[in-house]
Amino acid sequence: MSDTERAWAAGFFDGEGSTVYSPPYALMVTIVQADTVTLERFITALGVEAKIQSRSLTNASPLSKKPLWVVRYYNKKAVAALEAMWPYLSQPKIDQAQKALDGFNNRAGRRLNSEGRFTLCKRGHELSGDNVYTAPDGGRECRTCILARRNRTA
């Protein structure tokens, strides 16, 4: 995914997308469109796997004759999608996303930094330097938590 494509995706999301936290479980990043080709480009630009699903026409304008399509990212995938777009989002979208992320994480200290990465893991450990494991797919995990999990299962 190129910076140009991520910037395009962020601009598209600024105009057409939303980020919400629905207690008690789901952080959701959603974008709706009448054109599946544009949604496919959005998914490719972010590099975060998602399915394009048909959206019920009950929420559509009665004047619209086109079917609507939706891409939804939940929880970890929602965070990954936001991380990919974060440097390019407008301030209102950043504010919307941060409010949803704060609710989802229920920790004011678990904010995103300027690169769109969490500063703390969900257990409050610092996510920087040697304490970050980067998986082959680009996901990040706290090494302290990895070691604790291994010790519990050993």
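The values are calculated or read from the model by the stated rules, or taken from the named source; none is laboratory data. These figures come from a predicted structure and were not determined experimentally. Methodologically, a virtual Cβ is constructed for each residue, glycine included, from the backbone with ideal geometry; neighbour enumeration extends over all protein chains shown.
I need every pair where a residue in region 119-134 that is among the charged types (D, E, K, R) has its Cβ under 8 Å from the Cβ of a residue that is surrounded by 12 or more Cβ atoms within 10 Å (Cβ to Cβ) and part of a loop (DSSP other than H, G, I, E, B), sequence separation at least 6 or different chains.
The qualifying pairs are Lys122/Arg107; Lys122/Arg110; Glu126/Thr119.
Tell me which of these Gly116 doesn't satisfy, since it passes every other one: (1) surrounded by 12 or more Cβ atoms within 10 Å (Cβ to Cβ); (2) modelled with pLDDT under 90; (3) touching a strand residue (DSSP E or B) at 6+ places or on another chain (Cβ under 8 Å).
All conditions are met except number (3).
Can you find, within region 115-143, the residue that is farthest from Ala7 (Cα to Cα) among those that are of a type in the set (Ser, Thr, Tyr) and not in a loop (DSSP other than H, G, I, E, B)?
Here is the first cut: in region 115-143, the residues of a type in the set (Ser, Thr, Tyr) are 119, 128, 133-134.
Subset that is not in a loop (DSSP other than H, G, I, E, B): 133-134.
On the way: Tyr133: 26, Thr134: 23 Å.
For region 115-143, the residue satisfying everything is Tyr133.
Can you work out which of the residues in region 21-66 that are part of a loop (DSSP other than H, G, I, E, B) and modelled with pLDDT of 80 or more is nearest to Ala97 (Cα to Cα)? Walk me through it before giving the result.
Of region 21-66, the ones part of a loop (DSSP other than H, G, I, E, B) are 23-25, 34-35, 47-51, 56, 60-66.
So of that shortlist, the ones also modelled with pLDDT of 80 or more come out as 34-35, 47-51.
Numbers: Ala34: 24, Asp35: 24, Gly47: 19, Val48: 17, Glu49: 20, Ala50: 19, Lys51: 21 Å.
Looking at residues that are part of a loop (DSSP other than H, G, I, E, B) and modelled with pLDDT of 80 or more, I get Val48.
List every residue pair whose Cβ atoms lie under 9 Å apart, where the two residues are 6 or more positions apart in sequence or sit on different chains, the first residue falls within region 75-102 and is closer than 15 Å to Gly15 by Cα, and the second residue, located anywhere, is of a type in the set (Lys, Arg) and surrounded by fewer than 17 Cβ atoms within 10 Å (Cβ to Cβ).
Hits for this filter: Trp86/Arg117.
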